[in-house]
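Have a look at the structure below, then the notes.
Derivation of every value follows stated rules applied to the coordinates shown; laboratory data play no part. Being a predicted model, the structure only gives us computed values, none of them experimental. In this analysis, Cβ positions are derived from the backbone assuming ideal geometry, glycine residues included, and neighbour counts consider all displayed protein chains.
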Amino acid sequence: MQDDKKCCSPVTGYALRLALGGMLLLMGIAKFSGGVDAFVTGTMPMFTATLIPVALAKAYLTVVPLLEVVVGALMLLGLFTQIAAFVAMFMFALFIVGLTATGKPELMGMLTNNFILLFASVLLSKKSAGLLSLDHLVGGKK
């Protein structure tokens, strides 16, 4: 049986933090640079014929860019890493629900990516931020 330390080295946490954090930060910045209203307006038609209430979808889509920027930045810095990973898990789970609710076959391919990101977030939420993090500097887990 393999030792957990060999299986899940500190490099895993760094790689997950950088990959997820960088991706979320860039996705959020892209939504802001294109305009949050344009993002919401462009995405809303997917949800008009679903069971998801339009007002709920619109509220969530309005908040997504800010969440992506904040969570991505926190992950990259290694600050409140486990909390940021938990928020990312919640976001990816909601993305999966939203994509599934559309029932549109052309969007189903995006489910695979979101499941991978969900499970990466789950793994990151279970790991410490490592020595190269602000969590470590402010007395968090090593």
What does the helix-only formula give at 222 nm for the chain: each DSSP H stretch with n ≥ 4 adding -39500 (n - 2.57), the total divided by the residues, and the result rounded to the nearest 500 deg cm²/dmol?
-24000 deg cm²/dmol
Over the Cα atoms of segment 9-130, Rg to Rh with Kirkwood Rh, two decimal places?
0.99
Taking Cα atoms, how many degrees apart are the long axis of helix 109-126 and the longest axis of the chain, rounded to 10 and kept between 0 and 90?
30
Using a simple charge model, +1 on the beta-carbon of Lys and Arg, -1 on the beta-carbon of Asp and Glu, nothing else, what dipole does the chain show about its Cα centre, in debye to the nearest 20?
300
Hey, what did segment 9-130 get for relative contact order, percent, Cα under 8 Å, at least 6 apart?
35
Within the chain, pairs of Lys residues whose Cα atoms are less than 25 angstrom apart, provided they are eight or more positions apart or on distinct chains, add up to 15
In the Gaussian network model of the chain, springs joining C-alpha atoms below 10 Å, which of T41, T81, T102 carries the largest mean-square fluctuation?
T41
Folded to 0 to 90 degrees: helix 54-77 orientation relative to the chain principal axis, Cα:
20
